[in-house]
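A short worksheet on the structure shown next.
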Ligand code: PEP
Ligand code: MG
């Protein structure tokens with residue numbers, strides 16, 4: 001049995017057969033049941049027919065436009081497609097090894113490449129590019145032009161039981177569209193604890209381990225995998241006794257599922273308000289049952305699914321926001337305006353797309369650079385929020401000026417639709433905003449700290465880069481000082497302040513947040529129950545002492561005034 005260790009991002013254990021996918025290379029591998037061989041051969045035959053039709057079409061058009069000589073290249077590709085060493089070999093691989101068609105055709109193509117290379121004929125050796133082209137086209141046709149998520153969902157639906165998805169990476173746009181009921185657990189080569197996909201997995205309560213580096217290479221498709229999302233370990237083909245013991249442990253037991261409500265109470269009876277980060281209406285009921293007093297963060301771009309948000313019309317947005325608000329009933333809901341890049345919004349040139357975490361255009365910067373995008377969203381929020389306890393939160397604010405401009409847009413849009421503007425607050429996730437929190441609080445209705453970004457920018461450690469995760473330390477004194485500064489800045493203007501980053505979802509860090517003076521914590525719904533227990537076990541004085549210890553170790557005793565913990569509310 002081989003065990004791989006990565007980053008534990010969503011707790012729990014799960015067992016299942018591995019589906020291995022390299023999304024970047026569109027390489028999908030899994031084992032099929034013997035009785036699925038017939039349909040699999042038919043899938044491949046259909047994709048090969050489609051490929052032949054496409055190649056004939058391209059050849060004829062090339063002949064017409066560029067002449068017969070160049071068109072001949074596609075005759076070569078057609079011959080390769082018909083070559084028994086490719087098609088018949090792929091069929092044989094499906095029959096004998098029970099693998100999916102995508103994998104079989106790739107395998108047959110690789111074998112043929114080896115043969116080409118072995119022949120000392122430069123002409124044949126140069127045909128390697130054509131072969132890759134043909135194989136790529138067949139695989140593309142097996143995907144039938146579907147996007148990655150629906151392609152994966154179709155494959156997952158072929159299994160009677162949920163599988164373990166092993167991927168190179170799982171972009172959040174795919175993750176939000178995945179049919180998670182069919183995924184027992186997931187494991188990825190890339191990824192970190194605060195990557196959005198990990199956050200989605202936690203909210204789906206699907207055990208997950210990320211940052212495994214080369215799991216897609218080491219896990220044989222179809223192997224039985226045991227994923228321990230608490231320890232951050234996956235075991236490949238564990239011994240039968242271990243599988244049995246795990247199955248026994250995982251047997252559903254009827255736990256009386258108590259609904260929790262009201263604020264959590266510390267050991268010395270101080271109220272700590274627990275809220276949930278939720279992105280889908282169907283997850284609200286679970287969050288409320290787990291004791292959420294409201295929804296502290298709704299990432300609107302995730303709520304709208306994988307759409308390029310610039311293409312989502314006002315009415316479509318109103319419907320999506322209302323569906324969520326409806327579920328939340330009379331609870332307070334904080335919806336964050338789009339935190340996307342122009343390319344994610346469908347506004348920029350996709351060729352220039354860059355990760356959101358790059359310090360370029362994202363969040364409020366995009367909204368101010370493309371006011372029509374933000375204005376449409378604000379109108380939709382104003383309309384959807386009428387009669388509801390909605391708050392609007394602006395992401396990636398760096399200066400008071402930016403926030404004031406966003407606030408003015410909210411005012412004009414509310415006036416335009418003739419309805420009251422909901423309260424608007426600042427998401428504090430850039431160090432400059434934390435340092436200037438007191439000023440921001442004078443303009444904002446509330447502050448909410450996005451620790452995922454605040455930590456990465458404070459410590460210059462990319463939250464998605466597995467190589468610097470040891471530097472991504474939520475307990476770093478610089479981070480704690482910034483958090484304290486935000487709490488104090490908000491209090492000075494009598495504003496509420498919350499944490500809505502993943503730091504609040506981590507029971508081990510909750511005491512620090514409470515010690516820093518935070519009384520509102522918004523987290524993944526599955527963390528609410530453990531958080532309530534942690535709160536109940538800890539007094540405010542103990543939490544403050546923990547902050548003190550984290551800030552000042554024995555070698556670095558501060559002057560008394562500097563060391564004073566934040567006063568409790
Ligand atoms: C954060 O930055 O802490 C946050 C909650 O937002 P996101 O994870 O979407 O960047
Ligand atoms: Mg953020």
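The values are calculated or read from the model by the stated rules, or taken from the named source; none is laboratory data. The model shown is predicted, which means the values in this text are computed figures rather than measured ones. Here Cβ is always computed from backbone atoms with ideal geometry, including for glycine, and neighbour counts include all displayed protein chains.
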Some residue of the range 137-150 being in contact (Cβ under 8 Å) with a residue 24 or more places away in the chain, more than 16 Å from ligand 2 (Cβ to nearest atom) and farther than 28 Å from residue 77 by Cα: yes
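Assess whether residue 187 counts as being in contact with a helix residue (DSSP H, G or I) (Cβ under 6 Å, 6 or more places away or on another chain), in a strand (DSSP E or B) and within 26 Å of residue 277 (Cα to Cα).
So residue 187 passes the test.
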Selection within the range 356-385 - modelled with pLDDT under 95 and farther than 14 Å from residue 310 by Cα: 356, 357, 358, 359, 360, 361
Number of the exception - residue 339 against (1) within 20 Å of residue 423 (Cα to Cα); (2) surrounded by 19 or more Cβ atoms within 10 Å (Cβ to Cβ); (3) more than 15 Å from ligand 1 (Cβ to nearest atom): (3)
Residue that is surrounded by the fewest Cβ atoms within 10 Å (Cβ to Cβ) [pool: residues in the range 361-381 that are more than 14 Å from ligand 2 (Cβ to nearest atom) and assigned to a loop (DSSP other than H, G, I, E, B)]: 370
Boolean, residue 358 is free of Cβ contacts under 8 Å to residues at least 24 places away in the same chain, assigned by TED's automatic domain parsing to the domain that holds residue 448 and assigned to a loop (DSSP other than H, G, I, E, B): yes
Residues located in the range 445-477, provided they are away from ligand 2 (no atom under 14 Å from the Cβ), outside any helix (DSSP H, G or I) and under 19 Å from the mean Cα position of the chain (by Cα): 461, 465, 469
Residue count for the range 329-355, restricted to those that are in contact (Cβ under 8 Å) with a residue 40 or more places away in the chain, more than 19 Å from residue 305 (Cβ to Cβ) and outside any loop (DSSP other than H, G, I, E, B): 2
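Does the range 397-416 contain at least one residue that is assigned by TED's automatic domain parsing to the domain that holds residue 510 and within 16 Å of ligand 1 (Cβ to nearest atom)?
Within the range 397-416, one or more residues are assigned by TED's automatic domain parsing to the domain that holds residue 510 and within 16 Å of ligand 1 (Cβ to nearest atom).
When you check residue 178 against the structure, is it closer than 24 Å to residue 340 by Cβ and within 16 Å of ligand 1 (Cβ to nearest atom), yes or no?
Values: closer than 24 Å to residue 340 by Cβ: yes; within 16 Å of ligand 1 (Cβ to nearest atom): no.
In short, no.
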Helices (runs of 4 or more DSSP H) (entirely within the range 66-165) containing at least 3 residues that are closer than 18 Å to residue 25 by Cα and at pLDDT 85 or above: 101-118, 128-142, 148-156
Any hit, the range 515-532, residues being at positive phi and at pLDDT 95 or above: yes
Residue in the range 475-489 that is under 17 Å from residue 268 (Cα atoms) and modelled with pLDDT of 90 or more present: no
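Considering only residues that are within 16 Å of ligand 2 (Cβ to nearest atom) and within 23 Å of residue 332 (Cα to Cα), look in the range 419-436 and name the one that is surrounded by the fewest Cβ atoms within 10 Å (Cβ to Cβ).
Among them, the one singled out is 429.
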Among the candidates 442, 481, 508, 416, residue that is surrounded by fewer than 20 Cβ atoms within 10 Å (Cβ to Cβ), out of contact with any strand residue (DSSP E or B) (no Cβ under 9 Å at 6 or more places or on another chain), free of Cβ contacts under 8 Å to residues at least 12 places away in the same chain and not in a loop (DSSP other than H, G, I, E, B): 508
Boolean, residue 44 is buried (at least 16 other Cβ atoms within 10 Å of the Cβ) and over 18 Å from residue 92 (Cα atoms): no
Qualifying residue in the range 209-221 (condition: outside any helix (DSSP H, G or I), in the same structural domain as residue 334 (by TED's automatic domain parsing), surrounded by 14 or more Cβ atoms within 10 Å (Cβ to Cβ) and under 14 Å from the mean Cα position of the chain (by Cα)): no
Selection within the range 498-542 - farther than 26 Å from residue 426 by Cα and either in the same structural domain as residue 10 (by TED's automatic domain parsing) or in contact with a helix residue (DSSP H, G or I) (Cβ under 6 Å, 6 or more places away or on another chain) (or both): 530, 534, 538
